[in-house]
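Notes follow the structure.
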Amino acid sequence: MTMTDTTAFNDIRPYLNEEIPAVVERLLSSDEFRHTFGKIMRDYKPEALEQMMRQSTTIEEFKSSFGYSAVQAVAKASTFSLSLSGRSRIPENKAYTFISNHRDIVLDSAFLNVLLADIQYKMPQVAIGDNLLSRPWVEDFVRLNGSFIVRRGVNMRELIAQSQKLSAYIRHTITTTGDSIWIAQREGRAKDADDRTQSSVLKMLAMSGGNWGAQSLAELQIVPLSLSYEYDPCDYLKAREMLRKKRNPGYKKAPGEDMLNMQTGIFGYKGRVHFTIGTPLADLIGSVSPDLPQVQQFAEVARLIDLEIHRRYRLYPGNYVAWDMLDGVDHAGTHYSPEERETFLNYLSGQVEKIEMEDKDVDTLTRLILTMYANPAKAYYAAQAV
């Protein structure tokens, strides 16, 4: 596949400007779309939302008007604060491949778009798995907001072909189109918040760059990004899923569970949310010897990305409380007050109470949620020691 053969990307790319009118009309004809965004954007009358959508003539306009307004409405209703640091590490407004830990199905990339728009940087295109596109209007909306599709659930032969296409698309977008990209460090969210970059993601990115191992990543302008949520509204859903998988390793999510996670993540309270831009990979990758076998090269690059993500977490009282409770040791008692500890414990018991399942094991579920909040603190201090 050549970089100029862009028609090969038609089934995964975001919509084009000329496709906007038809897609907008499809969205406006969906009762579920209208209901969902009516809840999200309560301060807007339906007529104003329709006008905002129909007035957009480019994807960039749609993202910066309707998309931006929707995410700001979510942030206003469900966060205490939304902030970004580390801009000085990428002083130029150019195309980057942001690789981050993954907490929320929808909002990780949506919040990043808004935060970058606020500093007049390009809003990235976003990788999204087709397993999340359970409704036609969802695919229409995300592709209208600059998302490209990662095809999953295919056989090995198709997986290789799809990975090659995805890699070529990302490289074309960075080097030719000039748009930034956001992609998670692994397939799916780390349910226990033990954030580790999968070497397979790096191998996919490198596929289109020739047989040069880690150096194939150089022109993608990779930047590690660390996401920190004070509260994860989906924590109880993740705990339930982890317990079910522990009891039955072959457990598969029921239809509608991804949609429930999306809705819970969007509308649930998240407290303080902070994004930190890390040191670009180009400034780190020099320590990776090109003489190493490629498997080791990608493992070392993954380790470097993980260190950047871990050392730039923003920790909250709940992270420290969970760490102390989980280990039964006063690791970090000076980082929270008795009132903050009580607040987190009340939150924890409330989340466990929400879980509905047969043979509910409260102790195990409590420990699973504590682990989600403790792991970032553990990783942060381990990274500081390197």
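The values are calculated or read from the model by the stated rules, or taken from the named source; none is laboratory data. Bear in mind the structure is a predicted one, so any value in this text is a computation, not a measurement. Note that each Cβ is placed from the backbone with ideal geometry, even for glycine, and that neighbours are counted across all protein chains shown. Please note that ligands, DNA and RNA were not included when accessible areas were found on the heavy atoms of the full protein model with its side chains. Shrake-Rupley method; radii C 1.70, N 1.55, O 1.52, S 1.80 Å.
For region 292-352, what is the charge dipole size about the Cα centre, in debye to the nearest 20, if Lys and Arg each add +1 at the Cβ and Asp and Glu each add -1 at the Cβ? All intermediate terms of the calculation are to be shown ahead of the outcome.
Values: 5 positive and 9 negative charges, 54 e Å.
So the magnitude is around 260 debye.
If Lys and Arg each add +1 and Asp and Glu each add -1, what is the summed charge of the other residues whose beta carbon sits under 14 Å from the beta carbon of Pro338?
My count for the surroundings of Pro338 gives -4.
Read phi for every residue in region 125-131 and hand back ³J(HN,Hα) as whole Hz from Karplus 6.51 cos²θ - 1.76 cosθ + 1.60, θ = phi - 60°, with x for Gly and Pro.
Result, ordered by residue: 6, 10, 7, 9, x, 5, 5 Hz.
For Ser85 and Gln198 in one chain, what is 0.36 nm times their gap in residues minus the Cα-Cα distance, to one decimal in nm?
38.2 nm
Please work out the FRET efficiency for the pair Lys360 and Glu257, using the Cβ-Cβ distance as r and a Förster radius of 25 Å; give the result to the nearest 0.05.
That pair, Lys360 with Glu257, gives E of 0.90.
Kindly rank 160-167, 106-113, 347-354, 254-261 from highest to lowest mean number of other beta carbons found within 10 Å of each residue.
Numbers: 160-167: 17.4, 106-113: 24.0, 347-354: 15.6, 254-261: 13.0.
By packing density, highest mean first, the sequence is 106-113, 160-167, 347-354, 254-261.
Calculate the spin-label point distance for Ala382 paired with Arg34, positioning each point 7 Å from the Cα along the beta-carbon direction, and give it in nanometres.
For Arg34 paired with Ala382, the spin-label model returns 5.1 nm.
Using a 1.4 angstrom probe, figure out how much accessible area the chain has per residue, in square angstrom, rounded to the nearest whole. Show your work: numbers first, answer last.
Details: 17590 Å² over 386 residues.
Averaged over the residues of the chain, the accessible area is 46 Å².
Counting only helical runs of four or more DSSP H residues, what would the 222 nm mean residue ellipticity of the chain come to if each run contributes -39,500 (n - 2.57) and the total is spread over all its residues?
It comes out at -14500 deg cm²/dmol, rounded to the nearest 500.
For the charge dipole of the chain, defined by +1 on Lys and Arg C-beta atoms and -1 on Asp and Glu C-beta atoms about the Cα centroid, which residue among Ser65, Cys234, Gln185 has the Cα displaced farthest towards the positive pole?
Towards the positive end, the residue furthest out is Gln185.
Give the long-range amide H neighbours of Val223: residues separated by 5 or more places, or on another chain, with amide H under 5 Å away, using H modelled in the peptide plane at 1.01 Å from N.
Counting only residues 5 or more places away or on other chains, the set is Thr97, Phe98, Ile99, Leu281.
Tell me the label-point distance for the pair Lys94, Arg42, using the 7 Å Cα-to-Cβ offset, in nm and rounded to one decimal.
Rounded to a tenth, the inter-label distance reads 4.5 nm.
Calculate, for Arg367 and Thr57, the FRET efficiency according to 1/(1 + (r/R0)^6) with r their C-beta to C-beta distance and R0 45 Å; round to the nearest 0.05.
Step by step, r from the Cβ atoms, then E = 0.30.
Would you work out which of Ile222, Ser30, Tyr121 lies farthest towards the positive end of the dipole of the chain? Charges go on Cβ: Lys and Arg +1, Asp and Glu -1.
Ile222
Pick from Tyr231, Tyr68, Tyr44 the residue whose mean-square fluctuation is largest in a GNM of the chain, springs joining Cα atoms under 10 Å.
For the chain, modelled as a Gaussian network with Cα springs under 10 Å, the answer is Tyr44.
With the dipole of region 316-386 worked out from charges on the C-beta (+1 for Lys and Arg, -1 for Asp and Glu) around the Cα centre, which of Ser337, Gln351, Thr364 lies farthest toward the positive end?
Ser337
With only Lys, Arg, Asp and Glu charged, each at its Cβ (+1 for the first two, -1 for the last two), find how big the charge dipole of the chain is about the Cα centre; round to the nearest 20 debye.
Dipole magnitude for the chain comes out near 320 debye.
Within the chain, what percent of beta bridges assigned by DSSP are antiparallel, to the nearest 5?
Bridges in the chain are about 20 percent antiparallel.
Considering only protein heavy atoms and a 1.4 Å probe, what is the carbon-and-sulfur percentage of the accessible area of the chain?
On the way: 8950 of 17590 Å².
Answer for the chain is 51 percent, counting heavy atoms of protein chains only.
Just Val288, Val23, Val329 to compare: in a GNM of the chain, with alpha carbon springs under 10 Å, which one fluctuates most?
For the chain, modelled as a Gaussian network with Cα springs under 10 Å, the answer is Val329.
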